[in-house]
Structure formats: structure tokens, C-alpha cells
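Here is the structure we will look at.
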Amino acid sequence: MTASKSHTQAVAAIEELGEWQRALRAQFPIITGHPELAYLDSAATAQKPKAVLDAVQTYLTTANANAGRGTYPWANRTTALVEETRDRVKQFLDDPDPEQSAVHFTSGATEGLRTIARDWLPQLLADGDEIVIPVADHQANIEPWLEVRQQLARQGVHVRVLPMPYQRASGDYDHTAMASLSGPRTRFVAATHVHHVYGGNMNIHRVRRALGPDAVICLDAAQSIGHLPVSAAELDVDFIVFSGHKAMALPGSGAVWARQARGPAFTPGGWSGTPNTAGIASLATALDWLEAAGTDRIERWTVALAARLTDGLRHLEAYEILGCQTSLAADSPVQPRQGIVTFRHRDIDSGDLGFVLFSHGFMVRSDSHCQGNAGERTGSVRVSLHLYNTLEEVDRLLSVLNSLG
Ligand code: PMP
């Protein structure tokens, strides 16, 4: 049986973590309040546990004030909350040098990437330098870099953009091609930790190996924060950017972590105005909650469910899985699939399939997923999982997909 290794691992993880998962799922009011529905769109945004909802309520009813301005107790508490959450982000990211690094709060990953592009990258680049852009990843990690190139060209600084090479069969980066593509003028690489369509872990340690020690790597961790341990120390990257709302915090929160070891210091320019203090309060609690839940266990759970779904889909003739065709075991040296599985029906339009699935209670994403121009040509259905999803939901989905023939 081809799926035996990943299947055995999936079964073991599901059995071992079942009790843990049931206790945590019970903490999501929107999930328990709608037992007839299955939320399978966590890559778009994650649901919030009660602890996060309570933290926002508590903040707004006990200490709401502006940060860094007033001198009375509520204002001081808010200022402290913002500063403590900066430290919390560093700790959550396993920052190897928290004295040196910086955390800048943003409204999400898109604003974080654009801030680096607008305020920092032009200082790094000189005429003739090269940057690598992940042209089949999320638009949020493509557009800002192209805008910088245009802006610099207007000032007579010409930067070459190298499209990131991909291995078409798996959706992973082609690390061998990357090594021959890049040279001493390759100063900056934008990469993604977990692909938002193919669900693969993009093997960032191989990106670092391919590039050598000097290039700056900016990592879009929108799909990995809260889903698996993200260690700045292990990844050897220079920026980590993420959205709070995908990590169980409120929409409108997010952060840029800047290591400050390669290139100029990251000091976002201009007057930034009042921070999203309620969002920052939610982020602090979301990170505490995720750490207590255990991001390693969340990864095992979602990888196991995704393996079950991938293996099931592979046996249904009518469906084509995007990216890697197999689930890939969690310990695969190649590219473990995280909790995202994207597919098409050979005859049914993906938009229509999304509607059909909702008629059975499944909430999925069905479109082109904001992927860059080098990505897929036609739409697809994306199922993205988090720790509140269950084996029963995945099996029920497979049975509905099967019934559509
Ligand atoms: N990068 C990736 C990989 C994403 O999946 C997303 C959101 N789908 C973003 C960036 C942008 O995140 P946000 O819309 O929260 O700014």
C-alpha cells in the first residue's frame, strides 16, 4: 500500500492527540456554536479561542487608552502591553538575539511586506544588484518588490528581478536551480514558509544553503505562524512577517520581526500613528494560547488530517491534487505537506464545487487564491485545516467529494 507510511503516521497522530484536540476545539465558540458546519478555510483566516475574545474584552473594559502618549495608569498599561507584546513575538519566534532584533506591528502580512519593501529595501540595493521574487507565491509577497524595482529605476538605480525557480511537480522551490541562478549581486530573496496553495513547507534551510551566508532572506510566514514551530534561530532568515488574524488574533494585527544582522537597520519611516492596541492585546493572548496548545502538536494534527485528505483524494479519479500528489510523511526529507490541500474536479468548475460543498456544510475557498502570475491558470478548491478540525469532518468531506463522482 503506497500510502502506508504517512497513513500509519496520520492514524498514530490522530489517536494520540484525540483527547488534546477535543479539549481545545471546545474552546472555540464559533465552532461549537455551529456543529452543522465545518470551517475549512483557516488559511484565509483562523477562528479565535475564547481566551483571545476574553482578552480583548478585558483590555477594552479595563485599560483601553492610547499607547506611548498619556501618563495615567490606563495609558501606561497600554504602553506596557505594546512593549511586552514585542518581546512576546520575539520569544514566540525563538529569536536568537532579542537584544539586537526589532518587532514592528502592522495590520497584517501584506502591510508588513510592503513596509520592508518601501522603507528598508531601497537602502540595501545598488545599481546592478539582483533580487529573487517568489512568482508563484501569494501576490502580497510579489507586488511590493516589483514596486520597489520601479521606484528605484525612476531614480536611475536598476535592479534585476530574478523569478524564483520552482519544481513544478511538488510546488517546492527548485533549490538547485536557485544556487546556479544567484550570484554575488543577489542581495535579497523573498520567500514563503508554507505555500498558501500547495501547502508545502518550502524548505527555507535549503534556500539559505543555495544562496550562501550573505543574502538577506525575507520570510512570509503568513501560513506557518500558529501552525508549526517557527524558529528564527533555525531558519537563519532576516525578516519574518505574519498576520495576526491567521494566528488566532484579531484582524488588523500583524508583525514584522527584523533580525538586524544583515544590511541596514530596519527603522520603519514616518509617523505611524496610534497602534491597533486591541489587536495587539489579542495577539499577545493568541501567542500564549498557541504556545500552551503546542505548535508542534498543532502541526502533527493538521499534517495528519491533510495526509488523510490527500490520500483519500488520490483514490478518487475525478480529482486532481495541486502541488505534491502525495501526502508526504511528516518526517519526509523532501517536502512535508502542511494543513493545506488544494484540488480540482476534472469536470465541475471550482466555483460551483465550492457552492456544492457549502450546501453540505463545508466552508472552503474556491478561486485562484491570490496566487502570482506564475501560478495556476485555473481556479481550484482549497481546504485549509487548523487544530479545531476533525477526522470526522475530513472523512465526511471525502464522502461528499466521492458522491460527486
Ligand atoms: N502571504 C500569504 C502566504 C498568505 O496566504 C496571505 C493571506 N492569504 C498573505 C500573505 C496576506 O495576508 P494578509 O491578507 O493578512 O495581509
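The values are calculated or read from the model by the stated rules, or taken from the named source; none is laboratory data. These numbers were taken from a predicted model, which means no experiment stands behind them. Reconstructed Cβ throughout: ideal geometry from the backbone, glycine too, with neighbour counts over all protein chains shown. These accessible areas exclude ligands, DNA and RNA; they are computed on the full protein's heavy atoms, side chains included. Shrake-Rupley method; radii C 1.70, N 1.55, O 1.52, S 1.80 Å.
A few comments on the model shown:
- Three-way shape label, segment 232-380, alpha-carbon gyration tensor, a/c 1.5: prolate
- Rounded to the nearest whole Hz, the Karplus-based 3J(HN,Hα) values (6.51 cos²θ - 1.76 cosθ + 1.60, θ = phi - 60°) of segment 381-395 follow the sequence 9, 10, 10, 10, 10, 9, 5, 7, 7, 10, 4, 4, 5, 5, 5, with x at glycine and proline.
- Residue-averaged 222 nm ellipticity for the chain, from DSSP H runs of 4+ at -39500 (n - 2.57), nearest 500: -12500 deg cm²/dmol
- Rolling a 1.4 angstrom probe over the chain with all protein chains present gives an accessible area of which 53% lies on carbon and sulfur atoms.
- For Lys48, the aspartates and glutamates whose Cα falls under 14 Å of its own Cα, not counting residues fewer than eight places away in the same chain, are Asp288.
- Percentage relative contact order, segment 53-293, counting C-alpha pairs under 8 Å, at least six apart: 27
- For segment 98-178: relative contact order, % (alpha-carbon pairs under 8 angstrom, 6 or more apart): 28
- Note on segment 53-293: semi-axes of the ellipsoid equivalent to its C-alpha gyration tensor, largest first and rounded to whole Å, are 32, 20, 15.
- Segment 207-294: chymotrypsin sites (Phe, Trp or Tyr not before Pro) in DSSP coil with no more than 13 other Cβ atoms inside 10 Å: Trp271
- Unit Cα scatterers, Debye sum, segment 179-276: log10 I(q)/I(0) for q = 0.13, 0.22, 0.24, 0.25 Å⁻¹: -0.51, -1.21, -1.33, -1.38
- Between amide H atoms placed 1.01 Å from N, distances below 5 Å from Gly200 occur with His195, Gln338, all of them 5 or more places distant or on a separate chain.
- Relative contact order (percent, whole number), the chain, Cα cutoff 8 Å, 6+ residue spacing: 24
- Summed over the residues of the chain and divided among them, the accessible surface reaches 41 Å² per residue at a probe radius of 1.4 Å.
- Karplus-derived 3J(HN,Hα) values for segment 294-310, using 6.51 cos²θ - 1.76 cosθ + 1.60 with θ = phi - 60°, are x, 5, 5, 6, 4, 4, 4, 5, 6, 5, 5, 5, 5, 5, 4, 5, 4 Hz; glycine and proline are entered as x.
- Rg of the Cα atoms in the chain, relative to 2.2 N^0.38 Å, amounts to 0.99.
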